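Beneath this line is the structure, given in structure tokens, with notes to follow.
The values are calculated or read from the model by the stated rules, or taken from the named source; none is laboratory data. Predicted model, so just to flag it, every value in this text is computed and none were measured. Note: ideal-geometry Cβ built from the backbone for every residue, glycine included; neighbour counts use all protein chains shown.
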Ligand code: FES
Ligand code: FES
């Protein structure tokens, strides 16, 4: 049996916003540090660096993940979407547009994480996933209404030190409505 490798670095290929990036990383490098320090994708923010604030939220295969608790080497072969990858050419993602229109931010530091989280929240809700405040979780009850309480609960992993929560909740509700109308029009 071959002796275990003593190397502490590996080449990793990360697929981010549709583009592949190959880099050599220390095995302890988090996805957050790889994005920010190695790939200049600084839209994803570092707040607590310990999984508690949500500022570093990205989408991994469409689901929310805090990039500070994810090792870059473990993100190989996953579809990584950061806030830089949400807009289509000059057209903002409906969640980005709603945050802009409704002032869903103050300093803006938490905003990329809030927006990535909200994109997944809307998908999770539309797919019928219940939350801790959903009254009736039976499958036959269908998709619960996306009330302000539902949005607050589902977005509770994203902290905002500026306290822009009222506008953030409104922006998520507006974006969810826009998505429903868009889907109905197709
Ligand atoms: S920086 Fe990742 S959760 Fe706070
Ligand atoms: S807008 Fe400043 S931390 Fe949220």
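When 139, 144 are screened for being surrounded by 16 or more Cβ atoms within 10 Å (Cβ to Cβ) and either over 18 Å from the mean Cα position of the chain (by Cα) or at positive phi (or both), only 144 passes.
What do you reckon, is residue 64 in the same structural domain as residue 16 (by TED's automatic domain parsing), surrounded by 16 or more Cβ atoms within 10 Å (Cβ to Cβ), farther than 22 Å from residue 156 by Cβ and at pLDDT 95 or above?
Working: in the same structural domain as residue 16 (by TED's automatic domain parsing): yes; surrounded by 16 or more Cβ atoms within 10 Å (Cβ to Cβ): yes; farther than 22 Å from residue 156 by Cβ: no; at pLDDT 95 or above: yes.
No; evaluated as a whole, the condition is false for this residue.
Within segment 107-123, identify whether any single residue is surrounded by 14 or more Cβ atoms within 10 Å (Cβ to Cβ), at pLDDT 95 or above, closer than 24 Å to residue 182 by Cα and over 15 Å from the mean Cα position of the chain (by Cα), and answer yes or no. For segment 107-123, residues surrounded by 14 or more Cβ atoms within 10 Å (Cβ to Cβ), at pLDDT 95 or above, closer than 24 Å to residue 182 by Cα and over 15 Å from the mean Cα position of the chain (by Cα): absent. Restricting the first member to segment 29-54 and to residues that are at positive phi and assigned by TED's automatic domain parsing to the domain that holds residue 18, and the second to residues that are modelled with pLDDT of 95 or more and within 6 Å of ligand 1 (Cβ to nearest atom), the beta-carbon pairs closer than 6 Å and six or more apart or on different chains are 49/68; 51/66. Scanning segment 3-45 for residues that are away from ligand 1 (no atom under 16 Å from the Cβ), in contact with a strand residue (DSSP E or B) (Cβ under 7 Å, 6 or more places away or on another chain), part of a loop (DSSP other than H, G, I, E, B) and under 16 Å from residue 58 (Cα atoms) yields 17, 39.
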